[in-house]
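The values are calculated or read from the model by the stated rules, or taken from the named source; none is laboratory data. These numbers come from a predicted model, not from an experiment. Ideal geometry is used to build each Cβ from the backbone, glycine not excepted, and the neighbour counts take in all protein chains shown. When the accessible area is computed, the model is the full protein with side chains, heavy atoms only, and any ligands, DNA or RNA have been set aside. Shrake-Rupley method; radii C 1.70, N 1.55, O 1.52, S 1.80 Å.
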Amino acid sequence: MACAPNPADIGPGSASSTDAGTAAPTTGATTGASTESVTETGSTGAPVIGLRLHQLQAMGTHNSYHISSGKSVKDLNYTHKPVPEQLANGVRQFEFDINFKAPGEPIEVYHLGLLDEMSNCPQLKDCLQGIRGWSDEHPGHHLVYVMLEFKTAYNAVLGDELLATLEQELLAVWPCERIVTPGEIQGDAATLRDGLAANGWPTIEASRGKILLVLHDSGKWRDSYIEQGVAAGLLFPDAFGDLMAPFAAVHTLNDPTGDADAIAAAVDAGHLVRTRADSDNVEPFAGDYTRATAALASGATFISTDYPGRGRLRVRGPRRHALALQPAQRPAGLHPRRDRGALSLDRGSTSLLRRQRLGARMTC
């Protein structure tokens, strides 16, 4: 485990900063309508100061490395562009399926052995470097949310060594100061959940150029990681809608209709939520935007798709920006369209997304 929280790394406007112009925590009952979380600018185009990570909404991809193995399996017949191209198109959430070989060995990224192994970044370090290289060229970008799904069955004998290998690979590409860590959010609180409720997320400004890593597992891998101490690690354990879990801060709730109440509850608590606009090529092949529309309206922080801005479904984000104001957390007085220029989203990136022509939109 690595990356103990260091206040010097957090920067102005973060959850622990008291500099002028920054925001009070905006989680739990204080989120949403409070104007204390933002310095409003009207429609002048000046940056909004104090917006925090949970107050924005971004597009993501599911199995972000995936290359179709052919048309024989309809559910798996989709291909993503390389990671840097996805970032250039506005994607700010990635999902990588990780497969361990042995402690100290490179971690591989693919979906299913033999059946579906093609990947545009075959090793985790390739995927991470794809993000890092683009990030270095666009230092003003907003936080990139990276989910790591454990495909290897848990090994009680080697589990700790394999988790250590994972953190070593992460730090080999991303230094501590460019990772938003659980320890930074937890602070002096007894649990991550309590720390988030007390401190809130960092501001958008304080998290530019950084990533946030998620341990996307609900079983023994997550249990083992938590036992080692969440605050000392690099990854946020996925709580999957369990707001009472002591490590609750980020959630995967993939059904924007069936999980609507759970998404709303997590959003109201100021937690980060990922949901999906489509699944298994069902909606894309039917030309059905019902799920995408529900996902966008749900208030989830990240809307994941197999078709980011192209292909059959063409789920896209706001024109010229990678992020939109999260609908349930929009600060009072900030107009969703008139004031989009005031967000100053993704400085250093240009023309991230084309105009959305379809019914399922992410607009700010």
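Quick notes on this structure:
- Evaluating residue 160 against the criteria (1) surrounded by 22 or more Cβ atoms within 10 Å (Cβ to Cβ); (2) in contact with a helix residue (DSSP H, G or I) (Cβ under 8 Å, 6 or more places away or on another chain); (3) not in a strand (DSSP E or B) leaves one unmet condition, (1).
- Each residue in segment 168-184 was checked for being open to solvent by 10 Å² or more (accessible area, probe 1.4 Å) and assigned to a helix (DSSP H, G or I), and 9 of them qualify.
- Residues that are more than 16 Å from the chain's Cα centre (by Cα), farther than 19 Å from residue 213 by Cβ and open to solvent by less than 20 Å² (accessible area, probe 1.4 Å) within segment 83-118 comprise just one, 116.
- Applying the condition of being touching a residue at least 24 places away in the same chain (Cβ under 8 Å) and assigned to a loop (DSSP other than H, G, I, E, B) to segment 211-238 and asking which residue is nearest to residue 275 (Cα to Cα) yields 217.
- Only listed residue being among the hydroxyl-bearing types (Ser, Thr, Tyr), crowded, with 23+ Cβ neighbours inside 10 Å and at pLDDT below 95, chosen from 14, 34, 68, 72: 14
- Note on segment 240-308: enclosed helices (runs of 4 or more DSSP H) holding 3 or more residues that are surrounded by fewer than 21 Cβ atoms within 10 Å (Cβ to Cβ), over 14 Å from the mean Cα position of the chain (by Cα) and not polar (S, T, N, Q) are 260-268, 282-286.
- Any chance residue 175 is of a type outside the set (Val, Ile, Thr) and modelled with pLDDT under 95: no
- Matching residues, segment 190-205, being crowded, with 23+ Cβ neighbours inside 10 Å and among the hydrophobic types (A, V, I, L, M, F, W, C): 192, 196, 201, 204
- So residue 187, is it buried (at least 23 other Cβ atoms within 10 Å of the Cβ) and over 22 Å from residue 107 (Cα atoms): no
- Residue in segment 217-235 that is charged (D, E, K, R) and either within 14 Å of residue 270 (Cα to Cα) or open to solvent by less than 10 Å² (accessible area, probe 1.4 Å) (or both) present: no
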